[in-house]
Amino acid sequence: MKKFRNGILTLSFAFIMVMALGVVNVNAADYDLATEMGNLLGGNPLTLTAEDSLSYNSEVWFGDDGRFTINSGEVTFQYTDGVVNITVNAPVGNSNVTLNEGKQFITQVEVGDMKAPVNFTISDSSILNVNGTLVIPSGVESVIINNGNLNINDGGSFEIRDRAANYQGTGFLNVFGNIVIYGNSGDNIGSQQIRLHENANVYSEADILDNLTISKADSDTTTYEIIENTNNTYESVTANIGLREFPYAYTVKAKDPEEIPVMPGEDTTTIEEGTTTENVENPETSDGVLLFLSLTIVGFTGVALTYRRLHN
């Protein structure tokens, strides 16, 4: 009877595990953007989680070994008024999405015979990590709205090519890698602040020094400064843009420790703790002569007094 009961428990556990795995597999979906385009054009949103994948032109955009990895949270696609809206959402806690190393994403999507602009929104409490290259192209009026955190990590790049004010939002733009700003007006960055970390690089056709601030960890006691970058060339991920020289190039480096100058005549002798020193002046030569005469007079006076006592 005991063996029968154990067997029933084992089968029940196995059944529960199979059902659980079945639920996970049912929830995961592989989408193709071309197939879903009809639904998108109809205004129906498409929501992706970490278990889903989305392909476009036979390439994985979101998913394993794709351009993007959804680590947590959701990414939503929706087509509205000729614009493809891509939103990094954080329905519960943080939403963390990564543009992977060696990958690129240009914010435009082919819809039929035209290239539709993309409004890429990073919602509040969401994070987009850029380890590859993120590009706002010229001519399609795409916009990146950052209300969370956009991190351009070491080795990553963010190219803003359009001349319009197409980087917006209330979030933080943290640059550890490269940020490249085309256009000599600076309107495409507006008054947005760019938080530069050590070794970050800025390449710009406009002087945007007022947009740059230095950021570091609270525990970092090093003092940093923004300096001109002697290497002012950057090669775009797109061949027709290619390699260019930029009139304004900056980087962030640690400042050299400040040396305290020693004033002339200043005593630099180090006195060990627990010891005292006194300044003893050597007597002048005239002081020595006066001392000798005084002692001589005292001596003669003493001899005279002794002589008088002996003869009285």
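The values are calculated or read from the model by the stated rules, or taken from the named source; none is laboratory data. Since the structure is predicted, the reported quantities are computational estimates derived from the model, not experimental observations. All Cβ positions, even for glycine, are placed from backbone atoms using ideal geometry, and neighbour counts span all protein chains on display. To get the accessible areas, we keep the full protein, side chains included, count just its heavy atoms, and leave off ligands, DNA and RNA. Shrake-Rupley method; radii C 1.70, N 1.55, O 1.52, S 1.80 Å.
Summing charges over neighbours of Ile136, with a neighbour being any other residue whose Cβ is under 15 Å away from its Cβ, gives -2 when K and R count +1 and D and E count -1. Model label sites at Thr35 and Ile226, defined 7 Å from Cα along the beta-carbon direction, differ in position by 4.9 nm.
Express in Å², to the nearest 10, the accessible area of Ser58 obtained by rolling a 1.4 Å probe over the protein heavy atoms while all chains stay in place. That residue has around 120 Å² of solvent-accessible surface.
Taken along its three principal axes, the alpha carbon spread of the stretch 84-225 comes to 54, 41, 28 Å, from the longest extent down to the shortest. Net charge of the neighbourhood of Ala90, taken over other residues with C-beta under 10 Å away and scored Lys/Arg +1, Asp/Glu -1, is -2. Between the stretch 221-248 and the stretch 31-106, the alpha-carbon centres lie 30 Å apart. The Cβ shell under 11 Å around Leu33 holds other residues with a net charge of -4, Lys and Arg each +1, Asp and Glu each -1.
Quick one: pull the percentage of alpha-carbon pairs in the stretch 24-144 with a separation above 25 Å. Summing the P(r) tail past 25 Å for the stretch 24-144 gives 16 percent. Taking all Cα pairs closer than 8 Å and separated by 6 or more residues, the relative contact order of the stretch 147-265 comes to 21 percent.
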